[in-house]
Amino acid sequence: MLMQLGLTRGLIYQAAGTVLGMVVTMVWRLLAGMDLWDQEVVFVVGGLVGGFAFMWGVGAIDDWLEWCRGKATPLVHGPPRDKPAWTRYFSTDYNHKVIGIQYSVTSLLMLMIGGSFALIFRAELAQADLQFLGMGMYNKLIGLHGWAVIAAILLGVGGMANYLVPLMIGAEDMAFPRLNAFAFWINIPGGLLLLASAFLGGFDAGWTAYPPLSTQGAVGYQFLFLAIYFVGLSSILGSLNLLVTILTMRPKGMDLFRIPIFCWAVLATSLIQLTATQAIGTAFLMGLSERALGMGFFDPEGGGNPILFQHIFWFYSHPAVYVFVLPGLGIISELLPVFSRKPLFGYRWIALSSLAIALVGFLVWGHHMFTSGYSPYLRVPFMVATLLVAVPTGVKFFSWVATMWGGRLRFPTPMLFTLGAISVFLLGGLTGPILATVASDLYLHDTYFVVGHFHATLFGGFVFPFCAAIYFWFPKITGRMYNEALGKLHFYIMTPAFWLMSIGQMTVGTMGMRRRIVDYDPTLGGGLVEARHLETTIAAFLIGLSILIMIYNLVTSAEIGVRAPANPWRSRSPEWQIPSPVPEHSYAAPLQVVGEPYDYGLEEEYVVMDESQAGHAQAH
Amino acid sequence: MRSNYRRHFLYAGILVVVFTLVIQWILDLSLPLPDIQGSAQSAAIDNLIGQHVWLIAGAGALVLVIMGYSIVAFRARPGEEDEEGDYFHGHSGLEIAWTVIPLIVVTIYGVIGVQVLAQVTAPQDNEMTVEVEGLQWSWRFAYPEHGEFQTVEMVVPVNQPLLLSMSAVDVLHSFWVVEWRVKQDLVPGITTELRVTPTEEGEFQLRCAELCGLRHAYMLADVRVVSEDEFDAWIEEQLE
Ligand code: HEM
Ligand SMILES: [Cu+2]
Ligand SMILES: [Cu+2]
C-alpha cells in the first residue's frame, strides 16, 4: 500500500538520487585526477539530482515524459480508480482543490516544525545567561526557524490561492494543471533539503545568510541554497499559473473589477513572485558557486563585495514580504463584507492598492541596508520610497473599517480572526515608518524592535488571516462544521498572547537588546529586560498551544462535525452556491455574472449558473 | 437606515482623541529608551522616535476606535440575525481624503527624517579619528593622530566629535553603543565611517550588532568617555 503512494516513491527516489549524484561526482572527480572528496561539490550535485529524482518518483513529470515520446496523455480528473480515494492526497493529482489542500496541510506542518524551533530558543531566552542551548546551536536554530516558517507561509499562500482562485472565478481548474502539481511537489524535496541542512552543520548566519559568514560556514549552507532554489521555482511556476488563470479563465461578464477581491490580491502577489523570485535565486546561486567553485562574488578575499549580496537578497526579500501578506489582506477584504452584511467599501481602491503596494515594494529594498555601508546618498531615496508604501496600506485599513461601519456585525470564529488580523497587522504596519526614517533606524536596526515589527506584520498579514480562511472554508472543504467553542478558544488564547509577545519584543528592542543573540545583558532597561523576556516566552508557548487546539479541532471536526449546509455564511461568492464538499468538477454549468460580488443588502445575485449549458463543464 | 451617523461620528471622534492619548501613554511605557543620552546624536534620535510614537498612537487610535466602535454599535443584536447592514459601497471623496492626508503626513515625516539625518551625520570641524577594527570576536582601536598603538578598550574625550574609521578583518560586524544610539556596519574589504560626539562621561559597552558567528553575543568592548585631561594622561600611558 505504502509503495503505491507517489510520496513514498518520491522519497525513495530522492534518497537514491542523492547517493547516485554524489557517487557520480566522486567518480568523475577521480577520473579527472582530482581529490575524490570535496564536500561542497559532492553535496551540491547530490542534493540537486536527489531533488529532481523526487519529482520523477512522485510522478509529477510523467505526462511530460510521455509527451517527449510523442504520446498524448488525457488529463485525468477524479480519485484514482484502483486505490482508496485518500491516496490521491499523497500522490500527483491534477485537481486544484486537491493541490490546494496538499499545499495547506504541508504549510501547517512546516509552520509547526518552524514554530517548534522558535519555542526551543525562546525557552533559552526566558532568562539571561546561557541555559541549555549552546551558542552554535542557537545561531543555527534562528536561521532554520526563519526559513522553515517562510517556506510555510509560501505554501500557505499557494494553498489558499490554488484552492480558491479557480472556484471564485468559476473555472474548472487552473490554466496548467500539470504545472500546478509540479509546482506543489517541488516544495517537498526543497523542504527536506532545508531540514537536512541541519545535519550538515546547519547555517549559522540567520535567514539572511549574509556573506562572508555564509561563504565560510558549514556545508549546510549548500542545502539551504538548493532548498530555496526549489521553493523559489515553485513560486515562479505557481504564480505564472495563477496569473494566466485569473487573466484568461473568467466567465462571461466577470471583468477585472468584478472578480472576488481575493483574486486581486493573488494577482498582485503573483506579479511579485513571477518577477522578484529570480533575485534570491541569483543571490543564492552566486553564494553556492562561490563556495563550490571558488568564484569570488562576495568575499573580498576573492575580490568580491559583501554588500552586493545584500542588494540582490533584499531586491527579492523585501517584495517577498508583500507576497507573504497580500493574500492574507485579500482574505480580510473577502470576509469582512460577509460578516458585516455590507458591501466592501471602495472595491476598486482596495484592488488597486494591492497593485500599488506591489509596485512601490520593488523600490524600497535599501531600507534594510541603511547601516550597511552603501553610499550615504542612497539613504534618502530609499527612505522616501518606503514611507510611500504606508499610503496604499492606509487605504486598506480605512476601507476595512468603513466596511464595518453601519453593518450588522456577527462574530463567528472566522470573523474573530479577521478582526484579530486587522489589529495585529495595524501594529506591524504602524511600526514600519519609524524604521524608515533613517536616523531612528540607526538606533533600532538589528534590535528586537525589528523582530517585533515583522512578527506583527507576518502574523497580522498571514497567520491570523490563514486561520480565518481555514475556519471559513472548512465547511466548504469537508462538508462539516468545525467546533465553534474550540475555534473561539483558539482565538482568545492566540490574540492576547500574540500582542504580549509582539509588544514584549519591541520593548526589549527599544531597551537596547540586539537581535540574534543567545544571551543578553540583564541590566538593560533598568534591569527589566529579563521579565519582559519571560513574558514573551510564555506568550510564545501559549501561541503554540492555541495552534495545537486548532489542529485538534480540524482533525476531529472533519470526522464528527455536524453536517454543514451548502452556504452557512450566506456568502454571495460563487463557491458557496454549490454543494459542500465541492464536487470533482466544481460547477455543473458555466457561471454567468449578473451582479456585484459584495452587494450585501441587495436582492440580486452575483453569479448564476447558466443551466442551458449544464453538463458543458464535464464535457472536457 | 437604522443609524444616526452624525451621533456615531461624534462619539467615535471623541473616542479617537481619548485613545490617541491613552495609546501614546501606553507606548511611552512600552518603548522605553535608555535613560542616558550619551551623545550629541542621542537627543535628536530620541525626539524623532517620540514623534513617531505620536503617529502610531494617532493612526492606531483612528483605526482601532472605528473598528471597536463598529463592533459595539453595529453588532447584530438578538433578533437581528437575518438583517443586512446599511447599503453603501464607497465614497470617492473619503477615499481621496484618506489617500492625500496620509501622503501629506508621510511627506512631513520624510522632511523631518531628512533633517534629523543631516543633523546626526553632519561632519564637524575638529574631528578626532579613531580607527576601529572588528574581528571574530573582539575589537581593536587605534588613534592615528596620537601615535602608533592599538588598544582593546576604547577611550575618548567627552564632547570631542569623533570620526570612526572602521574596517572588518573577517566577516560583517556592527559598531553600536546603546547610549550613543547610532550604529554602523563594519565590512571586510571597505572602510566605513561613523560620526558621533560623546557627551556623557562614564563607562559604556560597545556591542557588535551584526551576527558574526559563534560568539557574536559576546563580541563586546569597554568604552570609557573621560575628561580631556584624563584622556591626555591615558594617551601618555599608551605611548610609553
Ligand atoms: C508600512 C509599511 C512598512 C514599512 C514602512 C516598513 C519598514 C521596514 C523597515 C525600514 C525595515 C528595516 C528595519 C531594519 O532592519 O532596521 C523593515 C523590516 C522588515 N519588515 Fe517592514 N515595513 C512595513 C511593512 C512591512 C510588512 C507589511 C511586512 C511583511 C509583510 C514587513 C516585513 C518586514 C520584515 C520581514 C523585516 C525584517 C527583515 C530582517 O531584517 O530580517 N514590513 N520594515
Ligand atoms: Cu523591507
Ligand atoms: Cu557580531
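No value in this document is a laboratory result; all are computed from the given coordinates. Remember, it's a predicted structure, so these values are computed and weren't measured experimentally. No Cβ is skipped: glycine too gets one built from the backbone with ideal geometry, and neighbour counts run over all protein chains shown.
Residue farthest toward the positive end of the dipole of the protein assembly as shown, with Cβ of Lys/Arg at +1 and Asp/Glu at -1: which of A:VAL401, A:GLY146, A:PHE459?
In the protein assembly as shown, that residue is A:VAL401.
Under a no-solvent Debye model with one identical scatterer per Cα of region A:1-93, what's log10 I(q)/I(0) at q = 0.13, 0.17, 0.19 Å⁻¹?
Log10 of I(q)/I(0), two decimals: -0.58, -0.79, -0.89.
Around A:LEU435, what is the net charge, scoring Lys/Arg as +1 and Asp/Glu as -1 over all other residues with Cβ under 12 Å from its Cβ?
Charge balance near A:LEU435 sits at -2.
Can you tell me, using C-alpha contacts under 8 Å and at least 6 residues apart, the relative contact order of region B:97-204 as a whole percent?
24
To one decimal place, what orientation-averaged projected area in nm² is obtained for the convex hull of the Cα set of the protein assembly as shown?
Reported value for the Cα convex hull: 38.4 nm².
What is the magnitude of the charge dipole of chain B about its Cα centre, with +1 placed on the Cβ of each Lys and Arg, -1 on the Cβ of each Asp and Glu, and no other charges, expressed in debye to the nearest 20?
Once rounded to the nearest 20, the dipole reads 1640 debye.
For peptide B:79-86, what's the mean number of Cβ atoms from other chains within 10 Å of each residue's Cβ?
The shielding value for this peptide is 6.
For a quick protection proxy, order the peptides A:375-388, B:83-96 by their average other-Cβ count within 10 Å, most packed first.
A:375-388, B:83-96
How crowded by other chains is A:385-398, given as the mean number of beta carbons from other chains within 10 Å of each beta carbon?
For peptide A:385-398, the averaged partner shielding equals 5.
Answer with one residue from B:CYS208, A:LEU274, A:LEU486: the one whose Cα lies farthest towards the positive end of the charge dipole of the protein assembly as shown, charges on Cβ with Lys, Arg +1 and Asp, Glu -1.
A:LEU486
Kirkwood Rh over Cα pairs of region A:340-424 into Stokes-Einstein at 4 °C, 1.567 mPa s: D in µm²/s?
Rounded, D is 86 µm²/s.
May I ask you to derive the relative contact order of chain A, considering only C-alpha pairs under 8 Å and at least 6 residues apart, and to give it as an integer percent?
Relative contact order comes out at 13 percent.
Over the whole of A:510-519, what's the average partner chain Cβ count within 10 Å per residue? Rounded to a whole number, please.
What the average comes to for A:510-519 is 6.
Answer with one residue from A:PRO579, A:PRO327, A:ALA539: the one whose Cα lies farthest towards the positive end of the charge dipole of region A:94-619, charges on Cβ with Lys, Arg +1 and Asp, Glu -1.
Going by the Cα projections, it comes out as A:PRO579.
I need the Kirkwood Rh of region B:128-239: take the reciprocal of the average 1/r across all distinct C-alpha pairs and report it in angstrom.
14.0
In degrees, nearest 10, range 0 to 90: what is the angle between the Cα axis of helix B:92-121 and the longest Cα principal axis of chain B?
Result, in degrees: 10.
Taking the C-alpha atoms of region A:140-204, how large are the radius of gyration and the largest Cα-Cα span, Dmax, in Å?
15.3, 48
Any idea how far the Cα center of region A:467-510 sits from the one of region B:7-54, in Å?
29
Counting each DSSP H run of 4 or more residues in chain A as -39500 (n - 2.57), what helix-only mean residue ellipticity at 222 nm follows after dividing by all residues, to the nearest 500 deg cm²/dmol?
-22000 deg cm²/dmol
With charges only on Cβ, +1 for K and R and -1 for D and E, what is the dipole size of region A:94-619 about its Cα centre, in debye, rounded to 20?
560
Ordered by packing density, taken as the mean number of other Cβ atoms within 10 Å over each peptide's residues, highest first, how do A:93-103, A:325-335, B:106-116 rank?
The peptides rank, most packed first, as A:325-335, A:93-103, B:106-116.
Roughly how many whole Å is it from the C-alpha centroid of region B:90-138 to that of region A:403-458?
Comparing the Cα centres of region B:90-138 and region A:403-458, I get a distance of 21 Å.
What list of whole percents do you get for P(r) of region B:81-180, with Cα-Cα distances grouped in 10 Å bins up to the one holding the largest distance?
For region B:81-180, the binned pair fractions read 11, 25, 19, 13, 11, 10, 8, 3, 0 percent.
Is chain B rounded, prolate or oblate when judged by the Cα gyration tensor, a ≥ b ≥ c being the square roots of its eigenvalues, rounded requiring a/c under 1.5 and prolate requiring a/b larger than b/c?
It is prolate, given that a/c is not under 1.5 and a/b is the larger ratio.
Under a 5 Å amide H to amide H cut-off, with H placed in plane at 1.01 Å, what residues pair with B:GLY189 once short-range neighbours are removed?
B:ALA168
If you line up the long axis of helix B:42-73 against the longest principal axis of chain B, both from Cα atoms, how many degrees apart are they, to the nearest 10?
20
Pairs of alpha-carbon atoms within less than 8 angstrom and 6+ residues apart define the contacts here; what relative contact order does chain B have, in percent?
This gives 20 percent for chain B.
Treat every Asp and Glu Cβ in region A:272-368 as -1 and every Lys and Arg Cβ as +1, leave all other atoms uncharged, and give the resulting dipole magnitude about the Cα centre to the nearest 20 debye.
That gives a dipole near 600 debye.
Could you calculate the contour length gain from B:LEU94 to B:GLU145, that is, 0.36 nm times the residue separation minus the distance between their Cα atoms, to one decimal place in nm?
Full extension of this stretch gives 12.2 nm more.
Rounded, prolate or oblate: which fits region A:450-543, taking a ≥ b ≥ c as square roots of the Cα gyration tensor eigenvalues, rounded meaning a/c under 1.5, else prolate when a/b beats b/c?
Taking the square roots of the gyration eigenvalues as a ≥ b ≥ c, region A:450-543 is prolate.
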